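Below is one structure, written out as structure tokens; comments come after it.
The values are calculated or read from the model by the stated rules, or taken from the named source; none is laboratory data. Quick caveat: nothing in here was measured; it's all calculated off a predicted structure. So basically every Cβ, Gly included, is an ideal-geometry build from the backbone, and we count neighbours across all protein chains shown.
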Amino acid sequence: MPRIRIAAAAVAAAALFALTACGSNAGAANSAGDAFPKKGKSIELIVSFSSGGAVDTAARLVQPILEKELGTNVEVVNKPGAGGQIGYTQLTSAKPDGYTIGATGSPSVVVSPLDPARGAKYTRTSFQPLGRQVIDPAVIAVQPDSPYKTLKELLDAAKAKPKSMTASTTGLQTGEHFALAQIQEKTGAEFAPVHFSEGASQATTAFLGKHVDILVANVSDVTELSKQGKARVLGVMTTERAPSLPDVPTFKESGYDVEAGTVRGYSAPAGLPDAVAKKLEAALKKAIEDPTVVKKMEDLGLQTSYLSGADYAQFWAGQEEDFKKVLPLVQKKD
Amino acid sequence: MDTLNELIGGFAAAMTWQNLVFAFLGCLLGTIIGVLPGIGPVAGVALLIPLTMNLDATGAIIMLCAIFYGTAYGGTITSVLLNTPGEAASAITTIDGYAMTKIGKAGAALTIAAVGSFVGGTIATLGLVAAAKPLGEMGLMVGPPEFFALMVVGISLLVALAGKSMVKALISGALGLLISMVGIDPVAGAPRFTFGSDNLLDGVSFVAVIVGVFGLSEILSYRKDSAASIVHAPGLRSLLPNRTEWRRSAPSMARGTGIGFGLGLIPGMTGSVSSLLAYVAEKKFSKHRNELGHGAIEGVAGPETANNAHANAALIPLFTLGIPASPTIAVLMGAFLQQGLTPGPTLFTEHSEMAWAIIASLFIGNLLLLLLNVPLVGLWTSILRVPASILTAMILLFMVIGAYTINFNVFDVFVMIAFGLLGLALRHLDIPLAPMVLTLVLGPLMERSLRESLEISQGDFGIFLNRPISMVLIGVGVLIVLSPLLKLRKPKALNEDPET
């Protein structure tokens, strides 16, 4: 492998040289003499969902800035499947040396170890949170030609005929599944969940092809669809309206006390050396708060909401408590 | 006419000398990266994205698209010459590609692969220009039930891969399905057949299996015959395909383009499904199907055309719907986003000039790749001048490195060796290997779409027969299975063929 890396580096160097000759300055930032990260040793950023979803997009936006800050390659690697469990398992079983970090999204990362049936090999303490990036509220949307124009109409119809409409999730016990369960508990409206365990892009594709009736997703997934008129978003599951969907009422406005959403950040396997953790945290803070990244996240309908590693860890623990309470709702056999 | 004008405008924008240089550099770098074992298009493109960060958006995207083709073609080179696929989508090419190398036709195989890639890629790009929107919408019609039905058709083609014995083909196919079950259950999240090993949570790596089953087991079986059966390089002079080979490749390229283009439009379909089904289609429909497995040009032309047609067709859902249909496309999508472009229908309204310049560069990139690689065929094949004993050792080394670099995990090397031994055993038992590979690729996709479909229908299997597209596809699958019995095709199709 060293030989490959060297060969790849040589190729890259040659290309850099060639490009500079073309008049563009493609020089990479240098890290000082610090041991981490070693020059030429790339850092793997594990995304536990398939490419193209919101988690993946966010990771790919911070990646170039992380590279600049850390002075080495950061490679985004998708390990989709089992609602994130495959990627999380890989992240937590990696050596805590800083060369493997991952995008962690809740509820998936918080919930999967709570349910013994899933056989997850990690718990909350297997992760070392490095920083929170966004909070992405959940939304519910119907097909543009659907007869339901308001949230109330939709939920009343679902109440009248339980399970008559299919609704997408991105896998068992993911944010979308929790959102559906919360809706059911608070309003009595029951949908038939269809779990697209490979992630949001598969769920969205199935919705666009009208293979499922209802799209349960995050604000970021539907901003573009709503602009194009391909989905009619009926409600946002937060207390305040989403800036990118100003015309969509919140659940609260419509009279339902439902709050749900996805929270995303970055973590390493537990046990990082302090100096390495500090360096990664600082680089992530820079990347997450970078104005162009924030702007691009906004374009995608994502509100940046940075928390440091320690604060993110605390937030995570709080979420775990909350989810433990509603867990039975998403455990029953569908 | 509007489209034509805009395309011409796009060509004008793409043909600046800087952009041509970027396209050329991309093709070259991509090819080199592709030749390195284990690094396929996804890793290759991801690895080289930083190089493009400081370019202007058009130049960056043009270069990345070129890298993307380049890696795909580079993977073929090692498949043909060293029996080690550089990426999953050219894995099936090893069967006939390497067989051609053994009879001294490596040059012809590589040239046909380059031409096939060009044909497939260019036709798919023409599709993007002519009818992107309706084609994108068509891809959406394939929901989970239709996807499942397509997989049924794919698996039914197993009958075409049967050698002397249908029972043995079924054994091989069942083995593949069993292996594809290893790993975390995609719906419930429970680990299956992992025996407590974390390394198996992700399932076994497809490339490691292919390298083992086809590559390693073949080298292991040499010992029994004689050293003489290892690579000869008699035909180094014949770098170019002869007239018969050209003529025989044409229909295969046509079939490959059709298969790759159609499947590429479907979000969630991978390039390896396209190349595999293209190979199976050759096995079933080609005039020279009996020669497949022994170095038939069709076995290279079909799959290689299909995977490039697939790769280019997969850009259609990206441009029209903003959906990345495959992992590589998703990497490209990331690059678009970094450049401030949101792929999707708005791309053509908000950044129309750039969108057309990129499309024009797809044509240019395909052409450059052809111009770059045909002259290089001589260089690549000169590797075969290395004495057989050394070359075999080199191939073994390449296989180990290739398996290791898939995930930078030694476990994959053991997987490769284990499957090499399994492949050797199966060869001894005269059990064909190709059905196993077919079910191994299709199995996980089939399982996923089956379970999604049944969730949609809430457990009613009728969903596969109530929907016209899936009903027709299931019918086609049944017909294919029954075809040997009904003698719809000459039974000669299933004659002795130890290789596959």
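A count restricted to the stretch B:410-462 and to residues that are more than 14 Å from chain A (Cβ to nearest Cβ) and of a type in the set (D, E, K, R) stands at 2. Taken residue by residue, the stretch B:362-384 has at least one member that is among the polar types (S, T, N, Q) and more than 26 Å from B:Asn312 (Cα to Cα).
Pick from the stretch A:265-305 the residues that are assigned to a strand (DSSP E or B) and at pLDDT below 90: which of them is nearest to A:Gln63 (Cα to Cα)? Only one residue fits best here, namely A:Thr304. Return yes or no: is A:Ser126 more than 10 Å from chain B (Cβ to nearest Cβ), under 15 Å from A:Gly175 (Cβ atoms) and in contact with a helix residue (DSSP H, G or I) (Cβ under 7 Å, 6 or more places away or on another chain)? Taking the combined requirement at face value, the residue does not satisfy it. The single condition among (1) out of contact with any Phe, Trp or Tyr (no Cβ under 6 Å at 6 or more places or on another chain); (2) part of a helix (DSSP H, G or I); (3) within 18 Å of B:Val211 (Cβ to Cβ) that B:Thr94 does not meet is (1).
Residues that are out of contact with any strand residue (DSSP E or B) (no Cβ under 8 Å at 6 or more places or on another chain), surrounded by fewer than 17 Cβ atoms within 10 Å (Cβ to Cβ) and not in a helix (DSSP H, G or I) occur at least once in the stretch A:316-332. Determine whether the stretch B:33-52 contains at least one residue that is more than 14 Å from chain A (Cβ to nearest Cβ), part of a helix (DSSP H, G or I) and modelled with pLDDT under 85. Scanning the stretch B:33-52, I find no residue that is more than 14 Å from chain A (Cβ to nearest Cβ), part of a helix (DSSP H, G or I) and modelled with pLDDT under 85, so the answer is no.
Entry remark, the stretch A:182-196: residues being more than 12 Å from chain B (Cβ to nearest Cβ) and either in contact with a His (Cβ under 6 Å, 6 or more places away or on another chain) or surrounded by 24 or more Cβ atoms within 10 Å (Cβ to Cβ) (or both) number 1 in total.
Restricting attention to the stretch B:152-168, the residues that are aliphatic (A, V, I, L, M) and modelled with pLDDT of 80 or more add up to 7. Filtered by the rule that a residue be under 11 Å from A:Ser267 (Cβ atoms) and either surrounded by fewer than 21 Cβ atoms within 10 Å (Cβ to Cβ) or touching a Gly at 6+ places or on another chain (Cβ under 7 Å) (or both), the stretch A:97-127 gives A:Thr100, A:Gly102, A:Thr104, A:Gly105, A:Val109, A:Tyr122, A:Arg124, A:Ser126. In the stretch B:341-454, counting only helices (runs of 4 or more DSSP H) that sit wholly within it, the ones holding 1 or more residues that are at pLDDT 85 or above span B:352-381, B:388-407, B:410-428. Here A:Thr72 meets the list (1) at pLDDT below 90; (2) surrounded by 24 or more Cβ atoms within 10 Å (Cβ to Cβ); (3) of a type outside the set (D, E, K, R) almost entirely, failing just condition (2).
Note down all Cβ pairs under 7 Å where the first residue falls in the stretch B:417-428 and is of a type in the set (Val, Ile, Thr), the second is modelled with pLDDT of 95 or more, and they're at least six residues apart or on different chains. Here the result reads none, with nothing in the stretch B:417-428 linked to a residue that is modelled with pLDDT of 95 or more. Pairing residues of the stretch B:322-334 that are over 16 Å from A:Lys79 (Cα atoms) and at the interface with chain A (Cβ under 7 Å from one of its Cβ atoms) with residues that are in a helix (DSSP H, G or I) and hydroxyl-bearing (Ser, Thr, Tyr), at Cβ distances under 6 Å and at least 6 apart in sequence or on separate chains, gives B:Ile323/A:Ser201; B:Ile323/A:Thr205. Quick check on my filter: what residues within the stretch B:4-17 are within 14 Å of chain A (Cβ to nearest Cβ) and modelled with pLDDT under 85? Passing the criteria: only B:Thr16. Considering the stretch B:184-203, and only residues there that are of a type in the set (D, E, K, R) and outside any loop (DSSP other than H, G, I, E, B), the residue that is farthest from the other protein chains (Cβ to nearest Cβ) turns out to be B:Arg192. (1) over 20 Å from the mean Cα position of the chain (by Cα); (2) within 14 Å of another protein chain (Cβ to nearest Cβ); (3) not charged (D, E, K, R): which one isn't true of A:Leu225, the others all being true? Of everything listed in (1) over 20 Å from the mean Cα position of the chain (by Cα); (2) within 14 Å of another protein chain (Cβ to nearest Cβ); (3) not charged (D, E, K, R), A:Leu225 misses just condition (1). Return yes when A:Glu298 is surrounded by fewer than 16 Cβ atoms within 10 Å (Cβ to Cβ) and within 14 Å of another protein chain (Cβ to nearest Cβ) and no when it is not. When the stated conditions are applied, A:Glu298 passes them. Tell me, yes or no, whether the stretch B:142-163 has at least one residue that is surrounded by fewer than 20 Cβ atoms within 10 Å (Cβ to Cβ) and in a loop (DSSP other than H, G, I, E, B). Within the stretch B:142-163, not a single residue is surrounded by fewer than 20 Cβ atoms within 10 Å (Cβ to Cβ) and in a loop (DSSP other than H, G, I, E, B).
A:Val110 - would you say it is modelled with pLDDT of 85 or more and in contact with a strand residue (DSSP E or B) (Cβ under 8 Å, 6 or more places away or on another chain)? It is false that A:Val110 is modelled with pLDDT of 85 or more and in contact with a strand residue (DSSP E or B) (Cβ under 8 Å, 6 or more places away or on another chain). A:Lys95 meets the conditions (1) more than 14 Å from A:Asp290 (Cβ to Cβ); (2) at the interface with chain B (Cβ under 7 Å from one of its Cβ atoms); (3) not in a strand (DSSP E or B) in every case but one. The failed one is (2).
Among the residues of the stretch A:79-92, is any facing chain B (nearest Cβ under 10 Å), modelled with pLDDT of 85 or more and surrounded by fewer than 22 Cβ atoms within 10 Å (Cβ to Cβ)? So far as the stretch A:79-92 goes, no, none of its residues is facing chain B (nearest Cβ under 10 Å), modelled with pLDDT of 85 or more and surrounded by fewer than 22 Cβ atoms within 10 Å (Cβ to Cβ).
Residues in the stretch A:40-56 that are buried (at least 24 other Cβ atoms within 10 Å of the Cβ) and either on the phi > 0 side of the Ramachandran plot or not aliphatic (A, V, I, L, M) (or both): 7 in all.
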